[in-house]
Every structure is written in C-alpha cells, then in structure tokens.
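Just below is one structure, and these are the notes that go with it.
The values are calculated or read from the model by the stated rules, or taken from the named source; none is laboratory data. None of the values given here were measured: they were computed from a predicted structure. Positions of Cβ are generated from backbone atoms using ideal geometry, with glycine treated the same way; all protein chains shown enter the neighbour counts.
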Amino acid sequence: MKNINMYLMDGNVNGRIKCTCFNWTGVVFKIPRTALAACKDRAELNQSGVYLLFGKDDDTDKGIVYVGQAGNRKNGEGILNRLREHDHSIDKGYWTESIVITTSNDSLGATEISYLENQFCQAADSAKRYDVKNKNEPFIGNPSEEKKSDLDDFINYAKVIVGMLGHKVFEPLISTKIQVASENIEFYCTKRSANAVGVRTADGFVVKSGSLITSSLTDKCPEHIKRKRDEYKNKIDQNYKLIEDILFNTPSGAACFVSGASLNGLIEWKTKEGKNIKDIDAELGLAR
C-alpha cells in the first residue's frame, strides 16, 4: 500500500499535477503541453530525469508514448529545456502532455537516468497498451548491483504514480495480480469456427494471443467491428491467429471480433465447463 500525495498546481485536474510519496525521494509531474511556459520557475524541472510524452494516433485513436531522458546541462537547464525542444520538433507533433520523473534532491546522474529510460521504455513496449515511438532501445547504462536494486524500487513507485495519473502504459493487458474473483477466468468462443480464448480484466475483455478468429465477416457484423479488423490486421497472421493480446471494452465486442458476426458476449464466451459469463456473474452475485 502506498500513500501518494497529489498537488493540483493550477487548482484543477486538467492542469499541472505534482505527485510525491512518503519515504520516497522521487517527484512526478504531469504537465500538459500547453502549460510548459508556466513551469519556467520550477527548480525540479531544471534537474536530470526521465520523461514520457503522451498522445494519440489520429487514425486509430490508440495511445502513443515516447520515453526520453534529460541531463542537467551546464546552463542549469535540464528536463524542461528538453520538453521545450520537443515542443518545437516537427516529428513530435503528436504529444499533448508529459509526465516527468525526477527527484527531490537532484540525485539522478547519467548512469541512473540511462537505466531508468531503458527500463521504462522496455516496460511500455512489453505492456503493448501504447505505441512506443522510440526508434531504438535506450542504452541501459552500467549501474552497480546495489544501485540497480535501488533504481528498481524507484521504478516501482514511479509506475504506480504514472498509472494513477491516467496512463496504464506499464501495466500488462492481463495482470498476474488478480484483484477480484471474476478476473482472469478463461473463457472460450467457438462460434463460426473461431477458437478464441479471452479473460475479463479491470479494463474490459482481452482476447489472448494465439486465438483463432474467423476469416470471413457476416452481413450482420457491426461496422465498428469491421473497422477493428482492419485496425488490428497487423496483429493477425496469415492463418487468422492473433499474434498479440487485444483489449476490447466489452465481451460482446470481443465475441463479434473473433466470430465476424453479431453476438452477445455474455452468453457466447464460456468456460471449459460450459458456463458463460452471465452464469459466472450469477454465481458471484454480480448478475443484475
């Protein structure tokens, strides 16, 4: 359990936010791109640290993230100056807000920020919730065994705060930490020759990698599912097998996607024992 302090620097949730945690030297800022000018007097932003740039793809509406680092320069300008450079960069037009991760005591050197940048980038890429815009994997640096242990603890705190600030960029679609009884139960959909496996999560319903989906779509297949098929075509191999986990808002959306038809996911997704989602909810006292 972590006690996180959140300070609304501009007095509203759409403005800048500063986060600290008891017994942790880290400081995390959420800064809208439009608020960079208001940060010029923040001493913490002239330090070394790492940052995340967040935006969305105009075509798919999928989240985009870029992970970067900034060292304290001779002129005293660190992270904020790097963000200003990105604000004027042609190839960084997608981002709308940044999250900055630094410390209260300016204790991050070149080795530390290289390791943090590398680990955050790897975690974002592994979670596959966002398209990671880094062209190359950042250099990991050469931290000592003791320093690496300290930095891993630092990273764990930072990940929690970044998620709390609205970006589950480091959280896998299917978590190994089951929060409630209805999560991570495996369900199967075999309609129209599909052979798909999915689980309910706190975010919706995930169809697992390796699931086989139908190659054809029926006339009654919803239009938004047809668009999803096109959007996720790079996640489907030539045999119509998913090569990545895919998150859907609802079980019905997932069932329609894998079957290419209009289905009620609460009924069509079933356990190996033949119980559908509606049955499971009734057993757990969740059915309405």
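Here are some residues: GLU145, GLU183. Which one is more than 23 Å from PHE54 (Cβ to Cβ), in contact with a Lys or Arg (Cβ under 7 Å, 6 or more places away or on another chain) and modelled with pLDDT under 95?
Just a single option satisfies the conditions, and that option is GLU183.
Within the set of pairs 6+ apart or on separate chains, which have a first residue in region 56-73 that is closer than 15 Å to ILE101 by Cβ, a second that is aromatic (Phe, Trp, Tyr), and C-beta atoms under 8 Å apart?
Matching pairs, first to second residue: VAL65/PHE54; VAL65/TYR130; TYR66/TRP95; VAL67/TYR51; VAL67/PHE120; GLY68/TYR51; GLN69/TYR51; ALA70/TYR51.
Filter region 262-275 down to residues that are touching a residue at least 60 places away in the same chain (Cβ under 8 Å) and within 29 Å of the chain's Cα centre (by Cα) and give me whichever is surrounded by the fewest Cβ atoms within 10 Å (Cβ to Cβ). It would help to see each step written out before you state the result.
Filtering region 262-275 down to residues touching a residue at least 60 places away in the same chain (Cβ under 8 Å) leaves 263, 265, 268-272.
Keeping just the survivors that are within 29 Å of the chain's Cα centre (by Cα) gives 263, 265, 268-271.
Numbers: LEU263: 26, GLY265: 25, GLU268: 23, TRP269: 31, LYS270: 17, THR271: 14.
Only one residue tops the list, namely THR271.
Go through region 1-68 and tell me which strands (runs of 3 or more DSSP E), entirely inside it, have 1 or more residues that are in contact with a His (Cβ under 7 Å, 6 or more places away or on another chain). Working first, answer last.
Numbers: elements: 4-8, 17-21, 26-32, 49-56.
Of the strands (runs of 3 or more DSSP E) lying wholly inside region 1-68, those with at least 1 residues that are in contact with a His (Cβ under 7 Å, 6 or more places away or on another chain) span 49-56.
Mind counting the residues in region 34-76 that are more than 18 Å from the chain's Cα centre (by Cα) and surrounded by 15 or more Cβ atoms within 10 Å (Cβ to Cβ)?
Matching residues across region 34-76 total 14.
Residue by residue through region 219-258, note down the ones that are part of a strand (DSSP E or B) and not aromatic (Phe, Trp, Tyr).
Result: ILE236, LYS241, LEU242, ILE246, LEU247.
Could you run through region 191-218 and say how many residues are outside any strand (DSSP E or B) and either touching an Asp or Glu at 6+ places or on another chain (Cβ under 9 Å) or surrounded by 16 or more Cβ atoms within 10 Å (Cβ to Cβ) (or both)? I'd like the intermediate steps shown before the answer.
In the first step, residues of region 191-218 are kept if they are outside any strand (DSSP E or B); the result is 191-194, 202-203, 208-211, 213-218.
Then keep just the ones that are either touching an Asp or Glu at 6+ places or on another chain (Cβ under 9 Å) or surrounded by 16 or more Cβ atoms within 10 Å (Cβ to Cβ) (or both); that gives 191-192, 194, 202-203, 208-209, 211, 213-214, 217.
So the answer is 11.
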